[in-house]
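The values are calculated or read from the model by the stated rules, or taken from the named source; none is laboratory data. Here the structure is a predicted model, which means the values were calculated and not measured. Quick reminder, even Gly has a Cβ in these numbers, built from the backbone with ideal geometry, and neighbours come from all protein chains shown. With ligands, DNA and RNA removed, areas are computed over all heavy atoms of the protein, side chains included. Shrake-Rupley method; radii C 1.70, N 1.55, O 1.52, S 1.80 Å.
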Amino acid sequence: MKNLILTALILLSASSLVVAKSNDESLCGERDVEVASCLLSGKGRRVVSICANEKNSEVAYYFGTKNKIEFRVNFSSQRKLYRWQDKETYVVFFGFNESGHSYVFGVPQETLGARAFLLKKKSEELLDFSAPKFCVSNSFGNKNLMSIAIDDVSDSTVRDKDFAFPPN
């Protein structure tokens, strides 16, 4: 009986450590597949979401709030979102270039305390991890989703080019 009560107490205390994800932490639609999403730290409670349509033929990057999407970029077989998994850290990076800037969304492996982050840089610059915008929480969506709108870049390609990601 003591073991049963102890097990129940451990499970209850462990479940209290899990933070429930609110509907405000994703900008994906009801029928979309959430690839990755997170609530960014700082003022404004902005969200970054990468969402695929139900057929996985199109992917969209959203930045903003449920009430106001401030930035949206669509990807398809003609314009691809790049994905790279760092083989040393197991972080999956999603990136694209738009209007002279690169946007890189890093999604860590599912581990306690890991937080996703967003980097924005000038397109010609290398990855700089000195000033990321960290997420308050992670969605840990379907980051390995297969889609004709996502182009996988090999780890060796990124490393051989001094961490130039996304490719130009």
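What to note about this one:
- Where strands (runs of 3 or more DSSP E) sit wholly within the range 49-104, those with at least 2 residues that are among the aromatic types (Phe, Trp, Tyr), touching a strand residue (DSSP E or B) at 6+ places or on another chain (Cβ under 7 Å) and closer than 20 Å to residue 124 by Cβ occupy 81-85, 92-98.
- Residue ID - farthest from residue 31 (Cα to Cα), chosen from residues in the range 50-86 that are among the small types (Gly, Ala, Ser) and in contact (Cβ under 8 Å) with a residue 40 or more places away in the chain: 77
Okay, residues lined up against (1) modelled with pLDDT under 95; (2) open to solvent by 50 Å² or more (accessible area, probe 1.4 Å); (3) over 14 Å from residue 135 (Cβ atoms); (4) aliphatic (A, V, I, L, M):
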| position | (1), (2), (3), (4) |
| --- | --- |
| 40 | yes, no, no, yes |
| 46 | yes, yes, no, no |
| 55 | yes, yes, yes, no |
| 58 | no, yes, yes, no |
| 73 | no, no, yes, yes |
| 78 | no, yes, yes, no |
| 91 | yes, no, no, yes |
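- Some residue of the range 141-151 being exposed (fewer than 14 other Cβ atoms within 10 Å of the Cβ) and outside any strand (DSSP E or B): yes
- For the range 105-148, a residue qualifies if it is out of contact with any strand residue (DSSP E or B) (no Cβ under 7 Å at 6 or more places or on another chain), over 18 Å from residue 165 (Cβ atoms) and aliphatic (A, V, I, L, M), and the qualifying residues are 112, 114, 146, 148.
- Answer residue from the range 105-114, given it is among the hydrophobic types (A, V, I, L, M, F, W, C) and surrounded by fewer than 21 Cβ atoms within 10 Å (Cβ to Cβ) and is modelled with the highest pLDDT among those: 114
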